[in-house]
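The values are calculated or read from the model by the stated rules, or taken from the named source; none is laboratory data. The structure presented is a predicted model; accordingly, all values stated were derived computationally and were not measured. Neighbour counts are summed over all protein chains in view; Cβ atoms, including those assigned to glycine, are modelled from backbone coordinates with ideal geometry. Surface accessibility is based on the protein's heavy atoms, side chains included, excluding ligands, DNA and RNA. Shrake-Rupley method; radii C 1.70, N 1.55, O 1.52, S 1.80 Å.
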Amino acid sequence: MHLPSRTNASQPSNPLASLRHARVDDLLRQHPAALHDLVQGLGSPLHLMLPQVFVENIRQFQRTFDQAPATGTLLFAKKANKADCLIQACSQEGIGVDVASVGELEKALGGGVPGHAIGVSGPEKSERLLALSLSHQCLLAIDSPSELQRLLHLARHRDQQARLLLRCLPESQPESRFGLDPGQCAQAIALCREHPRWLRLMGFSFHLGGYSSEQRAQTANRLLDLCVSTRAAGLEHCRRLNLGGGLAVRYVSPGAWARFLQQDRPNHYHGARTFNGFYPYGAPRATADALADILATPVDTAMTLAQKAERHAIELMIEPGRALLDQAGISAFRVQGVKDRGDGYALVTVQGSSFSLSEQWFNSEFLPEPLLLPAEPRPAAPFLACVGGSTCLESDMLTWRKIRFDQPVRPGDLLVYLNTAGYQMDSNESPFHEARLPYKVVIELDGPTLRWKLDGLA
Ligand SMILES: *Cc1c(COP(=O)(O)O)cnc(C)c1O
């Protein structure tokens, strides 16, 4: 008789160790007791923000722009993380912020970012958001003909001039619900020519899904031509091109990622779960390298995108969210219990939920592996486990994949998910089950000294 082998049933997948910035590594290695204390005192999960890393990322992007011939401007796409410390860092570093709601705009202004450095995107913006943007001279990305009409009406009524970009529907992604098609764009340009007193057209913008540098450069090239011809037609302020965000982040090594994908299969996951697809966690070119690739893409004969922008005196803007947050935050969950599944793996339940790990709610999985910080030393022994949240939802799993730990996981341990600042930690959080929203702690490392404070405190 053939019996299914238990060991076979729970063979682990190829490992996906999370990459760690040196500062994150220092925090985990030198201060594990402080992490346990913080979670003890402030609750699980606890998000730890590292604005020092965020500032390094800002400077890395600025260096990349500095090394290119064209002028570049950086805005942080605020929706990727709500922490106040990030807005303060933007203000201190003199970069802009991209917002899409009154609440986000208030936070940006309140954090000290001047209105003219704030981009306002999002479709069919509310009357209040348009009015506030006008008052503070923000740069509005217009998404539809009706929105432009409403802005014109408002600007005329208040006798204020609106600074605006026209967001274009990219040729390569015609199914997108955002942006103006070429006909609408031509009409919008005509309206701006008719009403220069109230509508100041500053340029064009786009935002692409996916992570192709080539596609971004080609879309930018077409809009650069449009910028040049619009300016030649008399709209002299039309000299900006916003390339949006979508620069990839590398969470695991590209080699590990390739090996993982080769032998990924449903029985590596609890309940043989399958997914729509995964974020490209092992991107070969990411963050500032991806920007460098876009800038250096040949677009015309013997001319790169950056050279062409420089030649026509067009300022290139980008508004990354995820890429500016690379390695700028981690999330610690306390283990509440461990249940044997009797199938060669355990189900670890942590205090908190997968609402604090948003990827889990897009029929996908946050694949970079959490790190185990045991409550007390214990002998090494391989231990296979997946990770669930402490809610009553069957689908509330932080990790469906059966992950191999080097030690048994026990209650009181911490599981730390790395690199969670970009979209993972707070975009889906809710007070489900009457739980309060998790705290964020701002961490600063100064040599061997760790300083912390709650985010949002002055
Ligand atoms: C979400 C968004 C961004 C940021 O995207 P990332 O992938 O986080 O870089 C930038 N611009 C617009 C218009 C967006 O909607």
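Of the numbered conditions (1) open to solvent by less than 10 Å² (accessible area, probe 1.4 Å); (2) over 22 Å from the mean Cα position of the chain (by Cα); (3) closer than 30 Å to Val442 by Cα, Phe260 fails exactly one; give the number of that condition.
(3)
Considering (1) more than 28 Å from Gly282 (Cβ to Cβ); (2) open to solvent by 20 Å² or more (accessible area, probe 1.4 Å), say which one His207 fails and leave the rest.
(1)
Please work out which one of (1) in contact (Cβ under 8 Å) with a residue 24 or more places away in the chain; (2) in a helix (DSSP H, G or I) is the condition Leu261 fails and give its number.
(1)
Could you tell me which numbered condition Glu315 fails, if it satisfies all but one of (1) crowded, with 19+ Cβ neighbours inside 10 Å; (2) assigned by TED's automatic domain parsing to the domain that holds Leu295?
Looking at each condition in turn, Glu315 falls short on (1).
Here are the criteria: (1) open to solvent by 10 Å² or more (accessible area, probe 1.4 Å); (2) more than 16 Å from the ligand (Cβ to nearest atom). Tell me which single one Ser213 does not satisfy.
Among (1) open to solvent by 10 Å² or more (accessible area, probe 1.4 Å); (2) more than 16 Å from the ligand (Cβ to nearest atom), the lone unmet condition for Ser213 is (2).
Checking Asp343 against (1) over 27 Å from Gly41 (Cβ atoms); (2) in a strand (DSSP E or B): exactly one of these is not met. Which one?
Answer for Asp343: the failing condition is (2).
Being among the small types (Gly, Ala, Ser), within 18 Å of His207 (Cβ to Cβ) and assigned to a helix (DSSP H, G or I) is the filter here, so list the residues in the stretch 79-107 that pass it.
Passing the criteria: only Ala80.
Right, Ala70: in contact with a helix residue (DSSP H, G or I) (Cβ under 6 Å, 6 or more places away or on another chain), hydrophobic (A, V, I, L, M, F, W, C), more than 24 Å from Ala131 (Cα to Cα) and in contact (Cβ under 8 Å) with a residue 12 or more places away in the chain or not?
yes
Can you say whether Thr219 is part of a helix (DSSP H, G or I), within 16 Å of the ligand (Cβ to nearest atom) and either open to solvent by less than 60 Å² (accessible area, probe 1.4 Å) or over 17 Å from Ser121 (Cβ atoms) (or both), as far as the supplied structure shows?
Yes.
State whether the residues of the stretch 57-70 include one that is of a type in the set (Lys, Arg), surrounded by fewer than 19 Cβ atoms within 10 Å (Cβ to Cβ), more than 19 Å from the chain's Cα centre (by Cα) and away from the ligand (no atom under 14 Å from the Cβ).
The answer is yes; a qualifying residue exists.
Mind listing whichever residues of the stretch 234-257 are within 16 Å of the ligand (Cβ to nearest atom) and either open to solvent by less than 30 Å² (accessible area, probe 1.4 Å) or among the aromatic types (Phe, Trp, Tyr) (or both)?
Leu241, Asn242, Leu243, Gly244, Gly245, Gly246, Leu247, Ala248, Val249, Tyr251, listed by residue number.
Just to verify a result, which residue in the stretch 263-293, among those that are of a type in the set (Ser, Thr, Tyr) and within 16 Å of the ligand (Cβ to nearest atom), is surrounded by the most Cβ atoms within 10 Å (Cβ to Cβ)?
Tyr281
Which residues, taken from the stretch 415-424, are within 16 Å of the ligand (Cβ to nearest atom) and either modelled with pLDDT under 95 or touching a Pro at 6+ places or on another chain (Cβ under 8 Å) (or both)?
Answer for the stretch 415-424, where residues must be within 16 Å of the ligand (Cβ to nearest atom) and either modelled with pLDDT under 95 or touching a Pro at 6+ places or on another chain (Cβ under 8 Å) (or both): just Asn419.
Residues that are over 20 Å from Leu35 (Cβ atoms): list the strands (runs of 3 or more DSSP E) wholly contained in the stretch 371-458 that include at least 1 such residues.
Filter on the stretch 371-458 gives 383-389, 397-405.
Tally up the residues in the stretch 37-64 that are part of a helix (DSSP H, G or I), touching a Lys or Arg at 6+ places or on another chain (Cβ under 9 Å) and not polar (S, T, N, Q), please.
3
Can we say Arg322 is under 28 Å from Gln52 (Cβ atoms) and out of contact with any strand residue (DSSP E or B) (no Cβ under 7 Å at 6 or more places or on another chain)?
Spelling it out, Arg322 is indeed under 28 Å from Gln52 (Cβ atoms) and out of contact with any strand residue (DSSP E or B) (no Cβ under 7 Å at 6 or more places or on another chain).
Look at the stretch 271-312 and say how many of its residues are more than 28 Å from Val416 (Cα to Cα) and either outside the structural domain of Ser213 (by TED's automatic domain parsing) or assigned to a loop (DSSP other than H, G, I, E, B) (or both).
Going through the stretch 271-312 one residue at a time, the tally reaches 5.
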